[in-house]
Structure formats: structure tokens, C-alpha cells
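**Student:** Sharing a structure below in C-alpha cells format, with a few things to ask.
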Amino acid sequence: MRDHAIGRPTDSGEGSDRVELLLRLRHSQGLGELAPYFRGLREGRTIAARCPDCARTWFPPRLTCPDHTVAVEWVELSGSGRIVSLTVTSAALPFTDEVPRPQAFALVRVDGAENLALARLAGPPDAYTPDQAVWLSSADNRGPHPSQAACFVASEAERRIERAP
Amino acid sequence: MVAQSDGRQVSEASRVRTAVPARRLRMRSPQAPLILGGAIAKFGKYVDGSHWRDRVRSVAAEALRQAGLEPRDIDALVVASESDAMSLQINPAPVVAGDVGLVHASAMRVEGGGASGAMALRAGLLHVLSGLASRVLVVGFDDAASGLSSADTRLLYALSFDTEVDGLTGAGSASLYALSMSCHMRRHGTTEAQMAAVAVKNRGNARFNPDAHKPMDIDIDAVLRSPVISTPYKLLDCSLLSDAAAAVVLCAPDAAPRSERARVCISGSGCAADPARLGDRPDPGRFAAKTVAAQRAYTMAGITDPAREIDVAEVYDAFTGAEIQSLEALGLVAEGKGGAAMTERRFHAEGEVPVNLSGGLLGQGGSPGAVGIAQAVTIARLLLGEYHPGAQPSRDLRRGLVDTHGGVATLCAVHVLERMDT
């Protein structure tokens, strides 16, 4: 078997036969059966799923218990949790015009849930360390997609819960 | 719920799991599908006016030439491509079939995120093993470098996780891999310098591969000093976005043209999926589905001790830490020992099992549709002693491993390749 190639990889496309198209997509879809979870995130509330047979509880929710094929039920957890894993990045939130800035994302084990939630941590990243206690909040609710409202704060005092009218 | 004979109630899922154990196919060499030919279009950023269809046509023609076959000899075509947003081509299989001269061959596209190429390889294998086809052309491509802006590609790749719950949070691919590796670091003490050693190795290996996108001669300090992307990952810990294409011709042994030359067969194939959400896994730092996929491939190939029986491997190094996590999951090093093994050079060109002699995704490049197939071509060449001078080890290589995944090791595909001497 020998090498084979066509074309010429280069960093400069000057003078080459190329076309540039600007695609604009407007996308719309339902939130599905996870809607209670997403509505809760917007309000800073921790809406989890619980298997009625074995009481295993997941936040974010799983819609099917691996061991019991019955419909899960919705339960509200306290919203407190603990950071398991942490990363700091300078990435802008999708679908926003914001300037990229350092922010922390974490895997958080919410009290009462057996799985971990991927979430943003509000404010400067250096306020957080692994094993630290955090609380789900609606204090830093940015971005058009409700998953972007999954955001935790460093103290219960900073927490904000916005009850739907 | 279902009542058991002893009166206990068990869930339907549990009942099915126990009632229908998976059939385990054990491959004997005479049955194992052959790789008759394979080709790779150089990984890179093509802004010279060429199109992905040019690269696909080129690699397909070369793979057929090596196989000693004409397009009319091909029964089935499997095409791998991760995203229509990069190719602007939905339903690419019949387009590719026409471009390479196939008439009325069965044609399908396969997609599995970063594992798209490997899943197409597996689909080709399934065609041959099932008897649906005797000679299958497997082609993969993606223009991940030149098609979209890096910001658009970043958003697109976020859709390869659980889009609703994880993908659109803003964390992105690098942060999800970083969170997984952070768990590994905490549990096992893996260091950033050990991870940087992967970047030095793979980017250095790429210097001997003319098909590589970005060969580099760097040291660990250069990796550690490169700009932070998502802690602990720096720029040089991250794989490349590349344009590329690759092709192989798979063939049932009894349908292969006669040849006196040594050939390579695929003796094992395994696939397994983990929860798409990192947080739903018992240990987010461990690539558990990859272990299952590897075990399935090893069982099929009759391998009981992979660390001793695998001579060379191409491993999915989307990030430096992911190579360490993968090596452990594949059983090539004990769990938690991958970082130390890297600084001991056990997976370098002169080590026990050379890993990513092509340069991997870090040095050769990342093009989701092409990578899994290019890995197979690389291993086949290495087993035949026909790889690039300077990268071909002097010692005899009989058995090689190809490892690819999509997501953070969410969809894992592992293949074992073996040389069959005449």
C-alpha cells in the first residue's frame, strides 16, 4: 500500500477556485418530556427524576430507569451539591454575542441524586475548587437554550430562585 | 414487570438481558475479511480549490487499484461522514458511488461522531461476514479544517454530545474531555507533564509521515507553555481539525483475487456505547465502554493478553489525556498507570507497543469520517512492513489494533488486524 494524495493542502487560498456561502439556520423544537427539568433550571429549581420502583434519583433526569421500565416521577431536590470535577475555559456561550471570558464548568453531584450534572459556575472561576459545596441558582441565567441556565453559585446567600407566577 | 417462575417480579429489561446472551463470534483466519487495498489523502487544510469529492474519488481509485479490482467488482459501498454541515451533502453514498464508478452497488452512509470512519469499517465488515456482499468499498471523509470557521466547528462538535442537556451548555468538546481527565488525574495522580508527553510523542511521530497535517518537534515545556484551552488542556494537548479522506477495500477471502503477497485481515471487531452524558457514568474519568468494545474485539480475535499480543496500535487521541485513558481501557497498560508509562516511553516508536506512529489526531490530523479508516490503512501498512521509511519499526509486527470513538468515548469501536503470510 503506498501513499496517495490529490490537491495541495495550504494555508493560503488566494486565487483558488473556491466559493463561500453564508448559512443562516433558524431552528425550533420542543423541550419534550424533559420540559419540567428545563423550566426548573430557568427558575433555579432542582427538578429531578425518581424511579417509583427503586427510588433511584437523577439530576439531570433520566427518563428511563435502567432496571425498571416504569415512568419516572418528578421530585424537587434542595439544590445543594458538591463539585466533583472542574475546568476553566474562555469560551463564549453558544448563540450569544458575549465576549469570551474565563468561566468554570463543573460536574456537580447534587444532594439526593446519584448522577452528576454538567453546569456552569457563576462568577470568577478562582472562587471554586473540587469538593466545594455549591447551590443551583437562576442568578446567572444567560443564553437562549435552557440548558445554559444550569448554573451554580458558591454560597447559599448568593442563591436566587425565581418561582413562576 | 414480568413474573418469574418463582413468583419474583423482574423488569422486562432484566429479563431480556438474561434470556438473550450476546452471541460471540470467534473469527478463524480463513473466515476473516481481508483488507485488499487502502489509501489516505494527506491530512491538511485544503484551500487550493479542491473539493472533498476529489479526495474521495482519488483514495477510492487507489484502494481499488491496490486490490486489483474494478468498480464493477464492488457489491457494496459504505461511506462515513460526520456532518452535512461540513460537506453540504445529505445522502452522500450515491453521490460517491457515482463519482467512483459504481453501478447499482448497495450504498449507505454511516455516522458515529468521531467514530464515523470506524463505524463504516465495522459496517463493511458486517456486510462481508453476513454474506450480504463479498467485496465492499469503505470510504470516509470530512473537511473539518477548511469548510467552517473554528467557532462554527466548535458549536457543531458540541452537538455530538447529549445536545439538550450537555451539548449546548457552552462547555464544548474540550471542556467535557477536560472534566473527564480531571477525574482521572484526581483518582490516579496523572500529571499534566505526563499528558504533554503524549503530544510530544505523537506530533514527533508525525514528522515521518508525509500524510500528516502538522508534524512538530517539540518538548514537554512547549506543551505546558501553550495557551490554555480548558484546564488542564493547553493548545498542544488538543487534536487538529483537518480535511482528509481514506478508503479500504474489504473482501471475503473466497472472493479475493489470487495473490502470492502477504495480506492483512480484520480478525476482531467490537463496539459499545456509554451514556452520552458524562455525569451518568459511574466514573467519568474511565472509558468503560471502550473496555467492553475491546473485550469483544479481543474475544473475536482470540486475544487473551492484549498487552503482550498486540504489536502496534493507532489509538484515538482527541486530547492527550484521552490517549492515556484509552490505553488503560484497551488493556495495554494497567488502570491508572498510563501516565507513568508515557514518560517511561513504553508507547513510543521504540517502546513495547508503538502507539500512533502516524502521529494520531494530534499530529496526522482529525477528520472524523476519515480517521477510523486511515487508522486501519496505517496499521495494515505497518503489518506488511510498507509504512513510511523512518516510521516503520525494524521489528516484525503481526497484530495491530485500531481504536476510535465518538463523544468522550461514548461510542467506541475497536478493531484487530492481523497479517496473514502466504
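The values are calculated or read from the model by the stated rules, or taken from the named source; none is laboratory data. Computed from a predicted structure; not experimentally measured. Every residue, glycine as well, gets a Cβ built from its backbone with ideal geometry; the counts of neighbours run over all protein chains shown. Please note that ligands, DNA and RNA were not included when accessible areas were found on the heavy atoms of the full protein model with its side chains. Shrake-Rupley method; radii C 1.70, N 1.55, O 1.52, S 1.80 Å.
**Student:** Averaged over B:272-281, how many beta carbons belonging to a partner chain fall within 10 Å of each residue's beta carbon?
**Tutor:** 4
**Student:** To continue, here is another question. Starting from 0 in steps of 10 Å, tell me what percent of the Cα-Cα pairs of the stretch B:305-368 lands in each bin.
**Tutor:** Each 10 Å bin holds this share of Cα pairs: 23, 61, 16, 0.
**Student:** Next up: If you count only protein heavy atoms with a 1.4 Å probe, what accessible area per residue comes out for the protein assembly as shown, rounded to a whole Å²? The partial results should precede the final answer.
**Tutor:** Numbers: 23730 Å² over 587 residues.
Heavy-atom accessible area per residue stands at 40 Å².
**Student:** Ok, one more. How high is the relative contact order of the stretch B:106-193, in percent, with contacts defined as C-alpha pairs under 8 Å that are six or more residues apart?
**Tutor:** 15
**Student:** Turning to a different aspect of this structure: Please get the size of the charge dipole for the stretch B:178-272, origin at its Cα centre, with Cβ charges of +1 on Lys and Arg and -1 on Asp and Glu, quoted in debye to the nearest 20.
**Tutor:** Dipole about the Cα centre, nearest 20: 160 debye.
**Student:** Something else about it: For a 21 Å ceiling on Cα separation, which of these pairs sit above it: B:201/B:234; B:290/B:337; B:45/B:214; B:201/B:290; B:234/B:290; B:214/B:234?
**Tutor:** Flagged as over cut-off: B:201/B:290; B:234/B:290.
**Student:** What relative contact order, as a whole-number percentage, does the stretch A:58-165 give when Cα pairs under 8 Å and 6 or more residues apart are counted?
**Tutor:** 24 percent.
**Student:** While we're looking at this one, here's another question. Over all distinct alpha-carbon pairs, what is the Kirkwood Rh of the protein assembly as shown in angstrom? Numbers along the way, then the final one.
**Tutor:** Working: mean 1/r = 0.0405 Å⁻¹.
Final number for the Kirkwood radius of the protein assembly as shown is 24.7 Å.
**Student:** May I pose another question? Using a 1.4 angstrom probe on the protein heavy atoms only, could you order A:131, A:126 from most to least accessible area?
**Tutor:** Working: A:131 80, A:126 135 Å².
The residues order as A:126, A:131, largest area first.
**Student:** Mind checking B:354-367 for the average number of partner chain beta-carbons within 10 Å of each residue's beta-carbon?
**Tutor:** The per-residue average across the peptide is 0.
**Student:** Per the 1.4 Å probe, what fraction of the accessible area of the protein assembly as shown, in percent, lies on carbon and sulfur atoms?
**Tutor:** Solvent-exposed carbon and sulfur of the protein assembly as shown make up 50 percent of the total.
**Student:** Test of understanding: what is the full-extension gain from residue B:259 to residue B:235, defined as 0.36 nm times their sequence separation minus their Cα-Cα distance?
**Tutor:** 4.0 nm
**Student:** How high is the relative contact order of chain B? Use alpha-carbon pairs under 8 Å, at least six apart in sequence, and give a whole percent.
**Tutor:** 24
**Student:** Now, a different point. Mean 1/r over all different Cα pairs, inverted: what Kirkwood radius does the stretch B:307-422 give, in Å?
**Tutor:** 14.1
**Student:** Another question, then. Please compute, for peptide B:219-232, the average count of beta-carbon atoms on other protein chains lying within 10 Å of each residue's beta-carbon.
**Tutor:** 2
**Student:** Compute the distance from the alpha-carbon center of the stretch B:286-315 to that of the stretch B:41-94, in whole Å.
**Tutor:** Between the Cα centres of the stretch B:286-315 and the stretch B:41-94 lies a distance of 29 Å.
**Student:** Then there is this: By the scheme Lys and Arg +1, Asp and Glu -1, what is the net charge of all other residues having a beta-carbon under 9 Å from that of residue B:38? Mind dumping the intermediate values first?
**Tutor:** On the way: positive: B:381; negative: B:62.
Summing Lys and Arg as +1 and Asp and Glu as -1 gives 0.
**Student:** Mind jotting down the distance between the C-alpha centroids of the stretch A:38-77 and the stretch B:133-177, whole Å?
**Tutor:** Measuring centre to centre over Cα atoms gives 29 Å.
**Student:** Kindly work out what percent of the DSSP beta bridges joining two residues of the protein assembly as shown are antiparallel, to the nearest 5.
**Tutor:** Roughly 80 percent of the DSSP beta bridges within the protein assembly as shown come out antiparallel.
**Student:** Rounded to the nearest 100 Å², what is the buried accessible area between B and A, both sides summed, probe 1.4 Å?
**Tutor:** Counting both chains, the buried surface is close to 4600 Å².
**Student:** Right, another one. Under 19 Å from the 7 Å Cα→Cβ point of residue A:111, by amide nitrogen: which residues of the stretch A:63-87?
**Tutor:** Output list for this probe position: A:75-85.
**Student:** Just the C-alpha atoms of the stretch B:73-199: what Rg/Rh do they give, with Rh taken as the Kirkwood radius?
**Tutor:** 1.09
**Student:** With each run of n ≥ 4 DSSP H residues scored as -39500 (n - 2.57), what mean residue ellipticity at 222 nm is computed for the protein assembly as shown after dividing by its residue count and rounding to the nearest 500 deg cm²/dmol?
**Tutor:** Computed mean residue ellipticity for the protein assembly as shown: -8000 deg cm²/dmol.
**Student:** Shifting gears a bit: Using a Förster distance of 22 angstrom, determine the FRET efficiency expected from the C-beta separation of residue B:350 and residue B:191, and round it to 0.05.
**Tutor:** 0.45
**Student:** For the stretch A:38-165, take the convex hull of the Cα atoms, compute a quarter of its surface area, and give me that in nm², please.
**Tutor:** That works out to 8.3 nm².
**Student:** On alpha carbon coordinates alone, what is the Rg over Rh value for chain B, Rh being the Kirkwood radius?
**Tutor:** Details: Rg = 20.6 Å, Rh = 21.4 Å.
Over the Cα atoms of chain B, Rg/Rh equals 0.96.
**Student:** Here's something else I'd like to know. What residues from the stretch B:275-313 fall in the zone where the backbone N is under 12 Å from a label point 7 Å along the Cα-to-C-beta line of residue B:335?
**Tutor:** B:282-289, B:291-292
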